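To keep things clear, I will list the structure first and then write my remarks on it.
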Amino acid sequence: MPDAFTVLWAHDTCRYLRKAARVGERPPVAFSGVHSSLPAWSGARAGDEVYALHVNKCIVHVVSRMRVLDTERRDCCGAAPATWQDPAFPGHDDWSMLGAGGCGAAPVHVDAPPVRFDVPVPGDLLAELTWRNRRGKTRGLKYVVDGRLQHSISLQGFYRLTPESAEALADLVGSTVS
């Protein structure tokens, strides 16, 4: 059974998505990294789903629901850089804001619907979302007050959802398909 994860897309990432007119387009790739500035998509395998989340004014939004296809460098990524000055993934320049320039960035090819910023996570669901680590220990979000997320620290990273929370987010995203 595939797993589901969340990753937080920061304000800068989302600002660049809007500025580059990527809202309404389907991302073919995201990037994993080895530095805290770019979360490592460790544990994600082909078939797993990743929910890209964004927090704006204490409201959590589902920006994309990506199904992982693979984590290999393909021809579509372009030539590997010969020097540190060369772009890491010239074939994915249109989506570089998703972390192509991050420390130790690696491509994660995905199948995803168009990027959007109009799917808020309802406050009651936000308070119920849970994640589990590899040892099976679960945790919820901290700093949820009156259905609003006061601090995004507990979303920063790449975390495995519990099956129930993955199903709840799938239902939310599925119910908002235009």
| request: Can you run down the residue pairs with Cβ atoms below 7 Å, 6 or more apart or on separate chains, where the first is in the stretch 67-89 and under 26 Å from Ala46 (Cα atoms) and the partner is among the aliphatic types (A, V, I, L, M) and part of a strand (DSSP E or B)? | output: Arg67/Val110; Val68/Val50; Val68/Val108; Val68/Val110; Leu69/Val110; Thr71/Ala106; Thr71/Val108
| request: List every residue pair whose Cβ atoms sit under 8 Å apart, with the two residues 6 or more apart in sequence or on different chains, where the first one lies in the stretch 36-64 and is closer than 24 Å to Asp118 by Cβ and the second, anywhere, is in a loop (DSSP other than H, G, I, E, B) and among the basic types (Lys, Arg). | output: Val63/Arg116; Ser64/Arg116
| field | Criterion: polar (S, T, N, Q) and more than 30 Å from Arg148 (Cβ to Cβ) - qualifying residue of Thr130, Thr83 | value | Thr83
| task | Just name the residue that is surrounded by the fewest Cβ atoms within 10 Å (Cβ to Cβ) out of those in the stretch 100-132 that are more than 29 Å from Ser175 (Cα to Cα) and of a type outside the set (A, V, I, L, M, F, W, C). | result | Gly104
| task | Among the strands (runs of 3 or more DSSP E) lying completely within the stretch 1-92, list those that include at least 2 residues that are surrounded by fewer than 18 Cβ atoms within 10 Å (Cβ to Cβ) and charged (D, E, K, R). | result | 59-70
| task | Just need a number here: residues in the stretch 107-140 that are small (Gly, Ala, Ser) and out of contact with any strand residue (DSSP E or B) (no Cβ under 8 Å at 6 or more places or on another chain). | result | 1
| task | Identify, from the list Ser42, Ser64, Ser32, Ser36, the residue that is modelled with pLDDT of 95 or more, small (Gly, Ala, Ser) and under 19 Å from Trp131 (Cβ atoms). | result | Ser64
| Are any residues in the stretch 103-118 over 15 Å from Val50 (Cβ atoms) and out of contact with any Phe, Trp or Tyr (no Cβ under 6 Å at 6 or more places or on another chain), and if so, which ones? | Cys103, Gly104, Pro114, Arg116, Phe117, Asp118
| task | Give the number of residues within the stretch 156-178 that are modelled with pLDDT of 95 or more, part of a helix (DSSP H, G or I) and either in contact with a Cys (Cβ under 8 Å, 6 or more places away or on another chain) or polar (S, T, N, Q) (or both). | result | 1
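The values are calculated or read from the model by the stated rules, or taken from the named source; none is laboratory data. The structure displayed is predicted, hence computed values, not measured ones. So basically every Cβ, Gly included, is an ideal-geometry build from the backbone, and we count neighbours across all protein chains shown.
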